[in-house]
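Presented below is the structure to which this report refers.
Please treat every number below as a calculation from the coordinates, not as lab data. This is a predicted model, so every value here is computed, not measured. Every residue, glycine as well, gets a Cβ built from its backbone with ideal geometry; the counts of neighbours run over all protein chains shown.
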Amino acid sequence: MRDHLDELDIPLIYVTRGFAGCILLLFCIISGIGALHFWNKSAAFEQGTQPATGTILAITSRGCRFLDRCLDNQETVHTATVAFADRTGALHRAEVDLRWAGRRVGDRIAIHYLPDDPAVAIAEDLAFTRSLWRLFQIEFVIAALVCGFGAIKLFWAKGGSS
């Protein structure tokens, strides 16, 4: 015995061009926010940083998030609380991401901090981190452009089925 829906040939999910265009626009916005996020981080560290050597006070781990700099098959991000002295000798603490889990509490690591806000710092290789941020910016801009062109095509396409 056949089902009546089979005889009518009605699709179970029907998506209009407008709805698909709105979904693509949402992805454009998310990609744009991602690009701005890395643009702002990169711009802040291009203004000038100060090097310091910090001591790891604590290490925590968490799963990779959307805007983390997880590479290859990396599943976790290790965050360290680091104590360091700035160029004037004042003591500060900062949270920094570590690229690998080989660090231990008490280890000393090189960091780069913002002179105006010493609590904002990155660990280890500044040039690598900035180039990684630039790569992420490019990826997010490309994704936003592709989504934007796709959305425009869906909204203003002539003819065809909708």
Do the sum for the chain: with -39,500 (n - 2.57) for every DSSP H run of n ≥ 4, divided by all residues, what is the mean residue ellipticity at 222 nm, to the nearest 500 deg cm²/dmol? -14000 deg cm²/dmol
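About the Cα centre of the chain, how large is the charge dipole given +1 on each Lys and Arg Cβ and -1 on each Asp and Glu Cβ? Please answer in debye to the nearest 20. Don't jump to the answer; show the numbers that get you there.
Numbers: 16 positive and 17 negative charges, 66 e Å.
Here the chain has a charge dipole of around 320 debye.
Taking a ≥ b ≥ c as the square roots of the eigenvalues of the Cα gyration tensor of the stretch 19-89, is the shape rounded (a/c under 1.5), prolate (a/b larger than b/c) or oblate?
Oblate is the answer for the stretch 19-89, as a/c is 1.5 or above yet b/c matches or exceeds a/b.
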Helix 126-156 against the longest principal axis of the chain: what's the angle in degrees, Cα atoms only, rounded to the nearest 10? 20
Please report the relative contact order for the chain, taking Cα pairs under 8 Å with a sequence separation of at least 6, and give it as a percent rounded to a whole number. 31
Once phi is turned into θ = phi - 60°, what whole-Hz ³J(HN,Hα) does the Karplus curve with 6.51, -1.76 and 1.60 give for every residue of the stretch 19-29, x standing for Gly and Pro? 5, 5, x, 5, 5, 5, 5, 4, 5, 4, 4
I want to check the label-to-label distance for D72 and E46. Put each point 7 Å from Cα in the C-beta direction and report it in nm to one decimal. 3.0
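Viscosity 0.890 mPa s, temperature 25 °C: what is the translational diffusion coefficient of the chain from Stokes-Einstein with a Kirkwood Rh over Cα pairs, rounded to a whole number of µm²/s? Write down the numbers at each step before the final one.
Numbers: Rh = 19.2 Å.
The calculation lands on 128 µm²/s.
What shape does the stretch 74-162 take by its C-alpha gyration tensor, where a ≥ b ≥ c are the square roots of the eigenvalues and a/c under 1.5 counts as rounded, a/b above b/c as prolate, and the rest as oblate? Intermediate results must be reported in sequence, preceding the final value.
On the way: a/c = 4.20, a/b = 2.81, b/c = 1.50.
Because a/c hits 1.5 or more and a/b exceeds b/c, the stretch 74-162 counts as prolate.
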Which Cys residues of the chain have no other Cys Cβ less than 4.7 Å away and so no disulfide-compatible partner by this rule? C22
